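Below you'll find the structure, written out as structure tokens, and then a few comments.
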Ligand code: GBH
């Protein structure tokens, strides 16, 4: 029996845009505009209905209770609270989250709230979005409005989910909105996202509220033993991991990357910004999916090619099993990244694994049961690695599996299923998969039996 610490939180995660639907009752976000353009999202899928969690939240909370979750991570749709991004909050939106939080608390499930999981109000994008400091101000007002409504009941507050994705993929590629594919824009957006986080921290603090941010981290593995690949992997690490960790935890951008980016990064930082960004955190949220394997030399044809350029590209490791996304399954990467975090950052706050999970091609049997043996193995492997990290001294307080439900997987639409609960999108029927039953047992035992 590999037991986890007393009081360890066992949760599942979702995000507003990916599950809520209820699109007619909120403002428009950059994701709505992106989905409306043919070719942007697989199969032309949209999130107008998604899992209809907006209508079925009570049923979903009952399902969480049935599975035995002790925590639930969700995000608040900014356009549901402030349809135009700023101004007077919409009561309907605030009431929706207020009812959700009450239902969670009634069932003894700890709510973990994320303010920004990529659904920027379209009205703010029209005024420049994350390229402008005015969006930082708007975010701080949004944070204050949500705190006023839920601050008495929600203890765990996360400002942003994965600023790397929002900035480097959203502004630096054309894969996600606003799809600018502009390297200098990506660095500007990243800085303003971090600043929004830093300015929101003191607004959110108070009472027994714990405030953190979620970053997505991956260990970088050089494709070969060449010095070129090692240097490329170090730059990719700077681009993906250190560009966010260092300002947050050390109050400075990594000098090697600032030098590498050169003029693309000029004039972005104003005096005082870095001190704001480095506001002490009560916890760090870490999302881990896989390691990244890196070779020297850019691949301009790869839609994920970094902008700003880092002279490196991702390669697929051979002989490593992969998920339906094509991501390598490497559980030990979770232990590696956590142990490294602790070594690199002496003042590291407690950590929550705010996302970890995988898409697989699950199958239904004639009786309607949904089997996902690969997801069970994925979760077992990663929880084992997490247990080792804790044994090595990393202070991890909880784990949220991504995701509670099959949902709208961004530009991949509904084709990629990450849920431990199957969703039949035609009938909206929820069916816990084998992995959900397995996870329930882990929660009951507070650990792994095998
Ligand atoms: C998360 O992002 C999101 O927070 C969540 O909304 C989403 O549904 C979930 O993941 C599943 O996609 O570049 O091929 O080597 C995760 C973003 C995923 C980015 C792993 C880096 C490395 C895979 N990260 N990815 S690859």
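What is the distance in Å between the Cα centroid of the stretch 85-129 and that of the stretch 371-426? That distance is 23 Å. Among 376, 61, 203, the largest mean-square fluctuation in a Gaussian network model of the chain, built with springs joining Cα atoms closer than 10 Å, belongs to 203. Exposure proxy ranking for 78, 410, based on other Cβ atoms within 10 angstrom of each Cβ and starting from the fewest, stands as 410, 78. Taking a point 7 Å from the Cα of residue 309 along the Cα-to-Cβ direction, the residues of the stretch 201-242 with backbone N closer than 19 Å to it are 228-240. Placing a label point 7 Å from the Cα of residue 361 along the Cα-to-Cβ direction, the residues of the stretch 414-437 whose backbone N falls under 15 Å of that point are 415-417. The modelled label-to-label distance for the pair residue 105/residue 153, using points 7 Å beyond Cα in the direction of Cβ, is 0.6 nm.
Between residue 275 and residue 37, what's the calculated FRET efficiency when r is the beta-carbon distance and R0 is 41 Å? Round to 0.05. Don't jump to the answer; show the numbers that get you there.
Numbers: r = 40 Å, r/R0 = 0.97.
The value I calculate is 0.55.
Residues 8, 96, arranged from fewest to most other Cβ atoms within 10 angstrom of their Cβ, appear as 8, 96.
Distance from the Cα centroid of the stretch 222-239 to that of the stretch 40-54 is 37 Å (rounded to whole angstrom).
Over the stretch 1-137, what is the percentage of antiparallel beta bridges among all DSSP beta bridges, to the nearest 5? That works out to approximately 10 percent antiparallel.
For the residues 331, 350, 271, a GNM of the chain with alpha-carbon springs under 10 Å puts the largest fluctuation on 271. Taking the chain as a Gaussian network, Cα atoms linked when under 10 Å apart, which of 354, 159, 434 shows the biggest mean-square fluctuation? Greatest mean-square fluctuation among the candidates belongs to 434.
Using 1/(1 + (r/R0)^6) with R0 = 22 angstrom and r between the beta carbons of residue 48 and residue 91, what's the FRET efficiency to the nearest 0.05? Before the final figure, lay out each step's value.
On the way: r = 22 Å, r/R0 = 1.01.
My answer for the efficiency is 0.50.
Rg and Dmax of the stretch 347-409, based on Cα coordinates, read 14.8, 53 Å. Available extension along the chain between residue 1 and residue 259 is 88.0 nm, counting 0.36 nm per residue and deducting the alpha carbon span.
So if we plug the beta-carbon distance of residue 431 and residue 342 into 1/(1 + (r/R0)^6) with R0 = 35 Å, what FRET efficiency do we get, rounded to 0.05? Intermediate values should be presented prior to the final figure.
Values: r = 39 Å, r/R0 = 1.12.
It comes out at approximately 0.35.
Label sites at residue 58 and residue 134, each approximated as a point 7 angstrom past Cα along Cα to Cβ, lie 4.2 nm apart.
How do 283, 139 rank when sorted from fewest to most other Cβ atoms within 10 Å of their own Cβ?
Listing 283, 139 from fewest to most nearby Cβ atoms yields 283, 139.
Modelled label positions at residue 126 and residue 301, each set 7 Å beyond Cα in the direction of Cβ, lie 4.0 nm from each other. The DSSP beta bridges internal to the stretch 2-448 are antiparallel in roughly 25% of cases. Going by the alpha-carbon gyration tensor, a ≥ b ≥ c the square roots of its eigenvalues, is the chain rounded (a/c under 1.5) or, if a/c is not under 1.5, prolate (a/b greater than b/c) versus oblate? It is rounded, given that a/c, with a ≥ b ≥ c, falls under 1.5.
None of the figures in this text is laboratory data; all of them are computed from the coordinates on show. Quick caveat: nothing in here was measured; it's all calculated off a predicted structure. Backbone-built Cβ (ideal geometry, glycine too); neighbour counts: all protein chains shown.
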